[in-house]
Amino acid sequence: VRKYLVGQLSGRFADKFLENFHWVKENLWFKDLLEGLCEQKEWEKGVGLVGDVGVGKTHLLSALYKNRVWWSVIAGGRVPVWVTFSDLVAECYEDKSFLREFVEMYDLFFVDDIGSVGMDLREMNVLRELVFRIYDKSKVFCYTSNLSRDNWNVDERVVDRLREICVEIVVRGKSFREGM
Ligand SMILES: Nc1ncnc2c1ncn2[C@@H]1O[C@H](COP(=O)(O)OP(=O)(O)O)[C@@H](O)[C@H]1O
Ligand SMILES: [Mg+2]
């Protein structure tokens, strides 16, 4: 199993935290929720961040991920892993047993950019297997996507499970990429 792709958060996000996220008023309602999560040793549910391109979904998810790394290292909390959805799909394509081992190895899954350009059959299968395995093992799942899970073109059983184990938040705002 090639493991080097997994756990690699792009260096661009190394210094992105909740503290340097600019909160437009439409997003203030979930500021306390995310800050509260950062104080907890264990999470009962994961978080899904959805919204338009450039509004800061990966920024926020990477902040939560780094917080979990910190808890894991300092306080022996559950072990998180970061992966982009496209890397995950590529890994699964190379190695059929990848997902099973992957879900066994970690406790909290941070999956960036699910189905950003519409999912093909292969991607839908990867997502379904990932969610079913995480659900069955009672692990924590977090994600970003341009689309709400209600609009993902996947098996309804996937979305049902996600609703149960994961809170979805719509991030609002104008693209920061344009503004900079
Ligand atoms: N509200 C914000 N406050 C501070 N920086 C932001 C904000 N929204 C976006 N950014 C920055 O803009 C860039 C693009 O954000 P990113 O998280 O990649 O967007 P998305 O994942 O939603 O497409 C990143 O460098 C990010 O840190
Ligand atoms: Mg992103």
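The values are calculated or read from the model by the stated rules, or taken from the named source; none is laboratory data. What you see is a predicted model; the values in this text were computed from it and never measured. Positions of Cβ are backbone-derived with ideal geometry, glycine not excepted, and every protein chain shown enters the neighbour counts. For the accessible areas, the whole protein counts, side chains as well, though only heavy atoms, and no ligand, DNA or RNA atoms are used. Shrake-Rupley method; radii C 1.70, N 1.55, O 1.52, S 1.80 Å.
In table form, for the structure just shown:
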| item | result |
| --- | --- |
| Count - residues of segment 133-158 that are touching an Asp or Glu at 6+ places or on another chain (Cβ under 9 Å) and under 29 Å from PHE21 (Cα atoms) | 9 |
| In segment 132-156, the residues that are open to solvent by 50 Å² or more (accessible area, probe 1.4 Å) and not in a loop (DSSP other than H, G, I, E, B) | ARG133, TYR135, ASP136, ASP150, ASN151, GLU156 |
| Qualifying residue in segment 124-131 (condition: open to solvent by 30 Å² or more (accessible area, probe 1.4 Å) and in contact with a strand residue (DSSP E or B) (Cβ under 9 Å, 6 or more places away or on another chain)) | no |
| Of residues in segment 132-152 being touching a Phe, Trp or Tyr at 6+ places or on another chain (Cβ under 7 Å) and away from ligand 1 (no atom under 16 Å from the Cβ), the one farthest from GLY77 (Cα to Cα) | ILE134 |
| Top-ranked residue in segment 43-66 [being more than 13 Å from the chain's Cα centre (by Cα) and farther than 14 Å from PHE30 by Cβ; ranked as farthest from ligand 1 (Cβ to nearest atom)] | GLU44 |
| Any hit, segment 72-82, residues being open to solvent by less than 50 Å² (accessible area, probe 1.4 Å), of a type in the set (Gly, Ala, Ser) and at pLDDT 95 or above | no |
| Single residue of LEU33, LEU49, LEU37 found to be within 16 Å of ligand 2 (Cβ to nearest atom) and either at pLDDT 95 or above or within 23 Å of ARG149 (Cα to Cα) (or both) | LEU49 |
| Any pair with Cβ under 9 angstrom, 6 or more apart, that starts in segment 47-59 at a residue that is at positive phi and ends at one that is open to solvent by 10 Å² or more (accessible area, probe 1.4 Å) and among the β-branched types (Val, Ile, Thr) | GLY51/VAL170 |
| Where a residue in segment 13-28 is touching a residue at least 12 places away in the same chain (Cβ under 8 Å) and its partner, wherever it lies, is more than 7 Å from ligand 1 (Cβ to nearest atom) and in a loop (DSSP other than H, G, I, E, B), with Cβ under 8 Å and at least six apart | VAL24/ARG172; GLU26/ARG172; ASN27/ARG172 |
